[in-house]
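Single-structure report; data block below.
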Amino acid sequence: CGPLAPDTKAGQLAISDAPGMRTVLAFAIRLPEEAVGPVAAASDIQHVFGVGYGRAMHHILLRLARRVEDCGYHAASYTGALPPAHRPEVSAFAAMAGLGRLGTDGVLETAEFGRNVMAGAITTDAPLDPSPATSAAYPAPAPRPAPRPARLRAELESAARENLASLFGVAGAEVFDQLVEDLRAHVDERLLGEMVVDDNPYPHGPFLARVVREEKRIRRPRDLLTGARSVIVLGMHFPRALMESAGNFERAQIGTYAFHQYETTFELRFAAVELVKKLNAAGYRAVPTENLTGIGSMVASHRGLLPDARCNAIEAVAAGLGRLGRSGALLTPEYGPHQRVIAIVTDAELPRDAVQDGAWPCQNCRLCIEACPMTALAGDGFEVRVNGTRVWHPEIDRHRCDWSKRYALCKEEGPALIGNKTDVPKPEGRITIEMIAEGCRLRDPIMKSRPCILETCLKVCPAKGVAG
């Protein structure tokens, strides 16, 4: 706790937001090193950590603000972010409260944990005494004795269920060595880093398309965490009835389905970070990722881009959760294609699950291939080796699929259901990223940033599962 500095940029922001503020309350959550390193920044790891820790911090801040207001004062909360440079005012507030000092780049540095923290702050008009200065740094908490592997797995699975996960499986990290080798032999890695971004920051107006090319490689667990030994895969299903009613003529609802996708994605991030905390407390390192190998893509929604149904699908197969469908989506005995999954890479040795074998649910079915409005599913495929089991993997025209799913250029895939006027004729033959950029420039300028997508391949899939 400390006095607000009104002559600073952060202080002026606070007074602008809520005139009369005079005091800052702040706290920080210690982050594992894996959340802030270069590997985290170059992948989705940092983002997932940011969402999970940010949610916990947001709830704490709201409770503290309510306590201040219950005493008759006003309060405004400021939640930190990863990387911290995205919210420099929070670092400045934390320094005013005595949590640490600001580095030359404006990022908070603490005596206890350096920069490995996420800070949060509350400004208030309450006249509070400043916290006394301390010269002693508090040591990091010692990890508790790690339970035996089987007991640790049981504790992690129980925690996953408590955090709304409906699927839990484990694969050995070494399984991905052969798997990734097989994927690299059939997947064009150059396409993984090609994308189109909008340089117009406003939600309405023309789509100012710019092509971005990044160097991407199909990844193994140890590319994300040195010493990786296990890969945990969590799944969270969404109701079968939601998919069955989405896009129907009588209801034409799609927003509910899109929002459920968004909420499922975020709940999975929260659950994964909770499991990472448990692994850290037991003395292990762990990182969460929504796209471990990197071969998945994104799907557009009114809440921004979300991981698509192919993200972590083959990873879930390796963890014994189900089979790979002709669409590339995970098909589970419980829920069919109606789930999303997230992976946690850890150096903890955990009991593994066997890869599912037996009759393939897609053996005599081609509905998703025939229904795809972009003809992105040719029906061809190749085999990958997963822990000694040969698994069929579909060949998918990435840019043709993304034309519809990621860039919302195909009206049949959802835009028409919400009044979006975007309808770019699909090209024949090979689609390049430059063609996608040209198509994005034709997006509905009024609704360019609020598309809803209904993946036709998931809609028509008859693999419903035994639970709803």
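Where does each of HIS338, HIS260 land when they are ordered by accessible area, with a 1.4 Å probe and the largest first?
Listed by decreasing accessible area, they come as HIS260, HIS338.
Could you please tell me the mean projected area of the C-alpha convex hull for the stretch 39-97, averaged over all directions and given in square nanometres to one decimal?
Directional mean of the projected Cα hull area for the stretch 39-97 stands at 4.4 nm².
Given the DSSP H assignment, sum -39500 (n - 2.57) over each helix run of at least 4 residues in the chain and divide by its residue total; what's the result at 222 nm in deg cm²/dmol, nearest 500?
Estimated from H runs of four or more residues: -9000 deg cm²/dmol.
For SER158, SER91, give the ranking by accessible area with the largest first, probe 1.4 Å.
These residues rank, largest area first, as SER158, SER91.
For the chain, report the accessible area per residue in Å² (1.4 Å probe, heavy atoms, rounded to an integer).
Spelled out: the 1.4 Å probe surface of the chain, per residue, equals 45 Å².
Using a 10 angstrom Cβ neighbour count of at most 10 plus a DSSP loop assignment to flag exposed GluC sites (Glu not before Pro), which longest range of the chain is free of such sites?
That gives 1-213 as the longest site-free run.
Would you mind checking the pairs LYS216/LYS448; LYS411/LYS464; LYS405/LYS448; LYS426/LYS464; LYS216/LYS459 and listing those with alpha carbons more than 23 angstrom apart?
Pairs exceeding 23 Å: LYS216/LYS448; LYS411/LYS464; LYS426/LYS464; LYS216/LYS459.
Can you send over the solvent-accessible area of SER16, 1.4 Å probe, protein chains only, in Å² to the nearest 10?
Spelled out: SER16, probe radius 1.4 Å, area about 90 Å².
Which of the chymotrypsin sites (Phe, Trp or Tyr not before Pro) found in the stretch 189-265 are in a DSSP loop and have at most 15 neighbouring Cβ atoms, other than their own, within 10 Å?
Here the chymotrypsin sites (Phe, Trp or Tyr not before Pro) that fit, given the DSSP loop and packing criteria, are PHE249.
Fully extended, how many nm does the chain gain between ARG151 and ILE15 (0.36 nm per residue separation, minus their Cα-Cα distance)?
Answer, rounded to one decimal: 43.8 nm.
Roll a 1.4 angstrom probe over the protein heavy atoms and tell me the percent of accessible area of the chain that is carbon or sulfur.
The value for the chain is 53 percent carbon and sulfur by accessible area.
Given a 1.4 Å probe and heavy atoms of the protein chains only, how would you sort ARG326, ARG66, ARG30, largest accessible area at the top?
In descending accessible area the options line up as ARG66, ARG30, ARG326.
What spacing in nm lies between the two simple spin-label points modelled at GLU438 and ALA41, each 7 Å away from Cα in the Cβ direction?
My value for the distance between the label points is 3.8 nm.
For the chain, which cysteines have no second Cys with its Cβ under 4.7 Å from theirs?
Result for the chain is CYS1, CYS71, CYS311, CYS362, CYS365, CYS372, CYS401, CYS410, CYS440, CYS452, CYS461, no neighbouring Cys Cβ within the cutoff.
Using a basic spin-label model with each label point 7 Å from the Cα along Cα→Cβ, how many nm lie between THR256 and ARG430?
That separation, rounded to one decimal, is 4.4 nm.
Please list the three semi-axes, largest first and in whole Å, of the ellipsoid equivalent to the chain, using sqrt of 5 times the eigenvalues of its alpha carbon gyration tensor.
40, 29, 20
Heavy-atom accessible area of VAL175 with all protein chains present, probe 1.4 Å, nearest 10 Å²?
Ignoring ligands and nucleic acids, VAL175 comes out at about 10 Å².
Report the relative contact order of the stretch 364-468, percent, no decimals, based on alpha-carbon pairs under 8 angstrom and at least 6 residues apart.
Relative CO of the stretch 364-468 lands at 28 percent.
The values are calculated or read from the model by the stated rules, or taken from the named source; none is laboratory data. Remember, it's a predicted structure, so these values are computed and weren't measured experimentally. For neighbour counting, all protein chains shown are included, and Cβ atoms are generated from backbone atoms with ideal geometry for every residue, glycine included. Ligands, DNA and RNA are excluded from the accessible area calculation, which covers all protein heavy atoms including side chains. Shrake-Rupley method; radii C 1.70, N 1.55, O 1.52, S 1.80 Å.
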